[in-house]
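Shown next, in structure tokens, is the structure this report addresses.
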Amino acid sequence: MDMRHWSITSRLAAGFAVIVLGVSGVGGYSAWSMHRAARAMAELSQEDLPEVALAAAFEREILNARIHFIYHVTIQKPGALDLGWEHFRAARALMPNLRAHVAGGPALAGLREPTEQLAADLDRYEVVLRRILDTVASKRNRGPAFPALVAEWAGLGGGLVKTAGELNRLSSERAVDSSRIQAASLNRAVNFTEVAGIVAALLSLLIGGLLIRGISINGILRRSIGEFQAVMQQITGASNQIARSSQALAQGASQQAGSLEETASSAAEINVMAHKNRENSRAAATLVTESQKTFVEANQALGQMVGAMGEIGAQSDKISRIIKVIDEIAFQTNILALNAAVEAARAGEAGMGFAVVADEVRNLAQRCAQAARDTAPLIEGSIEKSNDGKVKVNQVAMAVRALTDQAQRIRSLVDEVSVSSEEQTQRIEQVTKAVSEMEQVTQKNAASAEESAAAGEELNAQSQALQETVGRLQTLVGGGL
């Protein structure tokens, strides 16, 4: 069909039809894009952000519970057990809400498997936790099976915290991806609406110029302007809704960023405490090692003392036997002196000198016998006291050996505490790093949401400007042109 033979009215009518179709297409596409962005925002605020909040709260509560339980098991810190159960019950109370939230939204189907894994890990951790708390309460934590139980408990606790962190990371990544997709869609809608609005405004001005030149098509212009005004009202309503949703999303993201900042600060404080505990454990291990060396040296000295006491007892026995021999010799000498005196008496004056010598010998024998008799009780008393001293030294040696064994066990326990503190420090550093990364992601999410809110407000302002332009055109048409 050759349009060169169309009348001006037909051409304008066709132009208006093209404008109406274009504006309708622009309005439809803008409304569809904004509706999709609003739906994404609703999904983000109703599914992703609560999931992130629940996962972060669960991870925080189970981490605090594990730390207080470790304090109770290792050093029996006062109040640690009650605080541990308080945080554990809080984490247990969050678990049904977390599972129900994941099961309720089809978009969160990818998070169901780690959530169920987290619930199973929580049940297994509670079983081993109650076993180890019962063992500590009944003072049976000195047995050989206790370290293996502690290792199993520590492994389950680490796995539970790792699963909670993984769920929190997945939830945060999903929230960030949804926010990015929504922001991109909103930017496309805003750009398309801006371009289409400019084109529609130019076409409207062109048609208005033709009308000013006297073309009588006021009725067609009125209908077109009315339709254009209705479409712009829809665009304005949708942009208002997007702006409100974006502002609410930005406010929620800002609050979540504040909570994550507080969590990061708490994690940093816990990390400092863990470093101090690790240093104290190392210092305690060093002191126990030095004490053990002292005990070993004391044990060796006591062993030497026991040997010396045994030698003293043996020498005392020898001295006792020598005293008995001296007593026997004195007795025999006394008898010989008596016999010599008898023989000297028989010899008369010839034996006087020999009698004097015999008498002196007898006196010496009697004095020697008396000295032997006086020395014997002293030697026996010395032997008895030496034996008593040996018994007491043996008792002291046994006590020192027992202390040495206890020091060895204490050193083993302190070494285990030091290893646990080292592992705890590494875990807390990982948690601190993860919380810091989550804080950065949340801040980026909040910034994106604020940008989306600003874009929505800008779109609203442009829609109002277009409405004002349509109003001016309507005024011109109604002025009798």
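The values are calculated or read from the model by the stated rules, or taken from the named source; none is laboratory data. Bear in mind the structure is a predicted one, so any value in this text is a computation, not a measurement. Note that we place each Cβ from the backbone using ideal geometry, even for glycine, and neighbour counts take in every protein chain shown.
Laid out as a table, the results:
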read-out	value
Residue among A371, A347, A337, A314 that alone is part of a helix (DSSP H, G or I) and either at pLDDT below 75 or surrounded by 16 or more Cβ atoms within 10 Å (Cβ to Cβ) (or both)	A337
Which numbered condition E61 misses (of (1) loosely packed, with under 15 Cβ neighbours inside 10 Å; (2) at pLDDT 90 or above; (3) not basic (K, R))	(1)
Cross-chain or 6+ apart pairs with Cβ under 6 Å, segment 88-115 first and surrounded by 14 or more Cβ atoms within 10 Å (Cβ to Cβ) and assigned to a helix (DSSP H, G or I), then among the charged types (D, E, K, R) and modelled with pLDDT of 85 or more	A90/E61; A91/E61
Within segment 105-164, considering residues that are within 17 Å of the chain's Cα centre (by Cα) and hydroxyl-bearing (S, T, Y), the one farthest from Q426 (Cα to Cα)	Y125
Members of segment 132-152 found to be assigned to a helix (DSSP H, G or I) and out of contact with any Phe, Trp or Tyr (no Cβ under 8 Å at 6 or more places or on another chain), listed by number	D134, V136, A137, F146, P147, A148, L149, V150, A151, E152
Positions within segment 76-101 being more than 26 Å from K139 (Cβ to Cβ) and among the aliphatic types (A, V, I, L, M), in sequence order	A90, A91, A93, L94, M95, L98, A100
Top-ranked residue in segment 72-87 [being buried (at least 19 other Cβ atoms within 10 Å of the Cβ) and of a type outside the set (G, A, S); ranked as farthest from M273 (Cα to Cα)]	H87
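For every residue, the table says whether it meets (1) at pLDDT 80 or above; (2) among the basic types (K, R); (3) loosely packed, with under 15 Cβ neighbours inside 10 Å.
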residue: V361; (1), (2), (3): yes, no, no
residue: L378; (1), (2), (3): yes, no, yes
residue: S386; (1), (2), (3): no, no, no
residue: A397; (1), (2), (3): no, no, no
residue: Q406; (1), (2), (3): no, no, yes
residue: Q424; (1), (2), (3): no, no, no
residue: R427; (1), (2), (3): no, yes, no
